[in-house]
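Only one structure is covered here, and it is reproduced in the block below.
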Amino acid sequence: MSTDNAVITTDMDLLRFATAGSVDDGKSTLIGRLLFDSKSIFSDQLEAVERTSEQKGHGYVDLSLLTDGLRSEREQGITIDVAYRYFATPSRKFIIADTPGHVQYTRNMVTGASTADLGLVLVDARNGLTEQSRRHAVLLSLLRVPHLVLCINKMDLVDFDQTIYEKIHAEFTQFATKLNIPDLEVIPISALQGDNVVERSENMPWYSGPTLMHHLEHVHVASDRDLVDTRFPVQYVVRPKSDEHHDYRGYAGQIAGGVLKKGDEVIVLPSGMTSKIAGIDLFDKELDEAFPPMSVTVRLEDDVDVSRGDMIARIKNAPTPSQDIDAMVCWMAPGKLQPRQKLAIKHTTRTGRALVKDIQYRLDVNTLHRDQDAQELGLNEIGRVHLRTTVPLLCDPYSKNRITGSFILIDEATGVTVGAGMING
């Protein structure tokens, strides 16, 4: 049992967060500071950074050099949509999705933030809130990222002025009331000097809130997942060929919602066949229960027909299959999204085809204005779209479940992902 608990603990102690900021807001320095202060870089990496800092004539160790290798690759034309960084502290593991800030990279930010538990928006204390800062907050809100941190960086360049912090804090809080941001923290920092990043700043005695690292380590994300509505999209049917396991039949996948327990009465959709959970397997261990985001194999008591793309749910709490989908779509391709267009659609493990019935409006992510005269969506634009699918999707509103409430659109001719959708309730 201790092994099972260890696995569960590992899952729950992972925080995914996406960083967003304008080019000179100090994002690279902040990520470098987090890696450096959490001792997540090798000594030879640090030596290389110290050498380069010295060669450039800096009087300090330029921690942005830890991440700027990726930036120079981007500048050379190598496509890196989102740069992922990994680090850990004794209490939690972290995955950082470093997303580009420019408007032409909206699709990249959507990609990086779609699985994030927390969004970190960086602003330069000298400039205050910019159009980009507001756009980043709107996108994080649209993607239902449950926790948001506004880091007011470069406080050292404004003499750690409390008035400037309070002005930006008030302005952003006022703007956030228009958005769906359930949890907001505003932290004044200096990524360059380390103030309030990991160690509390002596330069800002007027600030009594947490440091950034303390907040990242302690923000509670387990309850953000839907633990009520059981959703288990079947990814693969497990039928071992060996004589020893010839009777074994299981259904593998990642739990998208709810808690699965041995003995639960369940329904298989879209067939509507019912059964009970005979067992839940994780590698060679059997579990009594499992919950998101665990990947497990479920066995049923009855020999019902289950295949990839089906969904296992509770009998009295199952999603309603629908072929008419109303969603917010971020268009990611150079061509236009237009009515009557036909595309492939992938929702959880289910695939089909979709027809664009109409475009209701295009959303201006800077002003939240809805252009109801829009007849198409261009690259990096977001709008409300009606789709008709060839197969019923077993979906929930995105506001309720970010996995069963999302889908991607694919160009059938090229196989390229051209859109990402969030289903409206």
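The values are calculated or read from the model by the stated rules, or taken from the named source; none is laboratory data. As the structure is a computational prediction, the values presented were derived from the model and not from experiment. Please note: Cβ atoms are built from the backbone with ideal geometry, for glycine as well, and neighbour counts cover all protein chains shown. For accessibility, only protein heavy atoms count, side chains too; no ligands or nucleic acids. Shrake-Rupley method; radii C 1.70, N 1.55, O 1.52, S 1.80 Å.
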Packing rank of 88-94, 183-189, where each peptide gets the mean count of other beta carbons within 10 Å, highest leading: 183-189, 88-94
- prompt: In whole percent, what relative contact order does segment 349-425 give with Cα contacts below 8 Å and a gap of six or more residues?
  reply: 25 percent
query: In whole Hz, what ³J(HN,Hα) sequence does segment 251-267 give by Karplus (6.51, -1.76, 1.60; θ = phi - 60°), x for Gly and Pro?
result: 10, 9, x, 9, 5, 9, x, x, 10, 9, 10, 4, x, 4, 7, 10, 10
query: To the nearest 0.05, what FRET efficiency results for residue 237 and residue 170 with a Förster distance of 51 Å applied to their C-beta separation?
result: 0.35
task: Please go through the residue pairs 27/167; 93/336; 316/346; 167/336; 27/93 and name each one whose alpha carbons sit more than 31 Å apart in this structure.
output: 93/336; 167/336
- prompt: Using the per-residue mean of other Cβ atoms lying within 10 Å as a proxy for protection, in what order, highest first, do the peptides 407-420, 252-265 fall?
  reply: 252-265, 407-420
task: Rounded to the nearest 0.05, what FRET efficiency do residue 283 and residue 248 give with R0 = 22 Å and r taken as the Cβ-Cβ distance? Could you check?
output: 0.95
task: Using only the alpha carbon atoms of segment 328-425, find the Kirkwood hydrodynamic radius as the inverse mean reciprocal pair distance, in angstroms to one decimal.
output: 13.5 Å
- line: By accessible area (1.4 Å), largest first, 312, 95 order as 95, 312
statement: Gyration tensor on Cα atoms of segment 154-216, a ≥ b ≥ c root eigenvalues, a/c under 1.5 rounded, else prolate if a/b beats b/c, else oblate, says oblate
- prompt: Among 362-373, 291-302, 158-169, how do they line up from the highest to the lowest mean number of other beta-carbon atoms within 10 Å?
  reply: 291-302, 158-169, 362-373
- request: Calculate I(q)/I(0) for segment 183-227 by the Debye formula, one identical point scatterer on each C-alpha and no solvent, and give its log10 at q = 0.20, 0.33 Å⁻¹ to two decimals.
  value: -0.64, -1.25
message: Report the Cα centroid-to-centroid distance between segment 337-361 and segment 108-137 in angstrom, as an integer.
response: 28 Å
field: Residue-wise HN-Hα coupling along segment 151-165, computed from phi with Karplus coefficients 6.51, -1.76, 1.60 (Hz; x: Gly, Pro)
entry: 9, 8, 8, 6, 4, 5, 7, 10, 6, 6, 6, 4, 4, 5, 4
task: Just subtract the alpha-carbon distance of residue 388 and residue 227 from 0.36 nm times their residue separation and send over the number in nm, one decimal.
output: 55.0 nm
field: Summed side-chain charge close to residue 176 - residues other than residue 176 whose Cβ falls under 12 Å, Lys, Arg +1, Asp, Glu -1
entry: -1
message: Quick query: amide H of residue 238 versus all other amide H atoms, modeled in the peptide plane; which residues come in under 5 Å with a sequence gap of 5 or more or a different chain?
response: 250, 251, 252
task: Please work out the FRET efficiency for the pair residue 273 and residue 375, using the Cβ-Cβ distance as r and a Förster radius of 51 Å; give the result to the nearest 0.05.
output: 0.70
statement: Phi-derived 3J(HN,Hα) across segment 190-199 with the Karplus relation (6.51, -1.76, 1.60, θ = phi - 60°), rounded Hz, x for Gly and Pro, is 10, 5, 5, 9, x, 5, 6, 8, 10, 9
